[in-house]
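Accompanying notes for the structure given below.
The values are calculated or read from the model by the stated rules, or taken from the named source; none is laboratory data. Here the structure is a predicted model, which is why all the values come from computation and not from measurement. Using ideal geometry, Cβ is built from the backbone for each residue, glycine included, and neighbour counts are taken over all protein chains shown. In case anyone asks, the SASA skips ligands and DNA or RNA and just uses the protein heavy atoms, side chains included. Shrake-Rupley method; radii C 1.70, N 1.55, O 1.52, S 1.80 Å.
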Amino acid sequence: MDFGKVLTKEFLLNWKGRVNRAQFWAFVLLYIAGAIAIAIVDGILGTGGILGFIYALAALYPYFCVLIRRWHDRDKSGLFCLVILIPFLGALWILIECGCLKGTDGPNRFGPDPLAPAAV
């Protein structure tokens, strides 16, 4: 997986289209790595968690953009992001559906298959 693609503006701030599992997990790993780095800096500076709070707020929009496009790859509306509001089961549902299950083969109503070979 090319982590450089995950860090582009088009990837992080666009909620139209589809994202495959590898791209989703690359984003999640980068998000977690950033959170760990911020926590370390936060501890060194002794800012009481304010940097972590700012990081979480700043990452909220890109997180939902990637999550919406992952739901699109499963041929479901981005409104399925709201399952996170279901305590415990919502997070488990997102983990299984977005992190483990394959997207729909071929194009769907949200765009072309992100795993399809590029047209020549």
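Can you give the Rg to Rh ratio of the chain, both from alpha-carbon atoms, with Rh computed by the Kirkwood formula?
1.02
In what order, largest first, do Leu60, Leu51 sit by accessible area if the probe radius is 1.4 Å?
I get Leu60, Leu51, largest accessible area first.
I need to check one value: relative contact order of the range 1-119, counting alpha carbon pairs closer than 8 Å and at least 6 residues apart, in percent.
32 percent
Which one, Phe110, Ala37, Ala91, projects farthest toward the positive side of the charge dipole computed for the chain from Cβ point charges (K/R +1, D/E -1)?
Phe110
With unit charges on the beta carbons (Lys and Arg positive, Asp and Glu negative) and the dipole taken about the Cα centre of the chain, which residue among Leu12, Pro62, His72 sits farthest to the positive side?
The one lying farthest along the dipole's positive direction is His72.
How many Å² of accessible area per residue for the range 34-113, probe 1.4 Å?
On a per-residue basis, the range 34-113 sits at 59 Å².
Just to be sure I understand: with springs between alpha-carbon atoms less than 10 Å apart, which residue in Ile94, Ile36, Ile68 has the highest mean-square fluctuation in the Gaussian network model of the chain?
Ile36
For Leu95 and Asn108, calculate 0.36 nm times their separation in residues minus their Cα-Cα distance, and state this gained length in nm to one decimal.
Values: separation 13, 0.36 × 13 = 4.68 nm, distance 2.18 nm.
Gain on stretching Leu95 to Asn108: 2.5 nm.
So, in Å, what gap is there between the alpha-carbon centers of the range 77-111 and the range 15-46?
19 Å
At most 12 other Cβ atoms within 10 Å plus a DSSP loop assignment makes a site exposed; report the longest stretch of the chain without any exposed trypsin sites (Lys or Arg not before Pro).
Here the longest run is 17-101.
Would you mind telling me the share, in percent, of accessible area of the chain contributed by carbon and sulfur at probe 1.4 angstrom? Please report the intermediate quantities before stating the final value.
Numbers: 5590 of 7450 Å².
Roughly 75 percent, rounded to a whole number.
By how many nm would the segment from Ile86 to Ala33 lengthen if fully extended, with 0.36 nm per residue of separation less the alpha-carbon distance?
Stretched fully, the Ile86-Ala33 segment lengthens by 16.5 nm.
Work out the length of the dipole vector of the chain about its Cα centre, built from +1 on the beta-carbon of each Lys and Arg and -1 on the beta-carbon of each Asp and Glu, and round it to the nearest 20 debye.
Here the chain has a charge dipole of around 240 debye.
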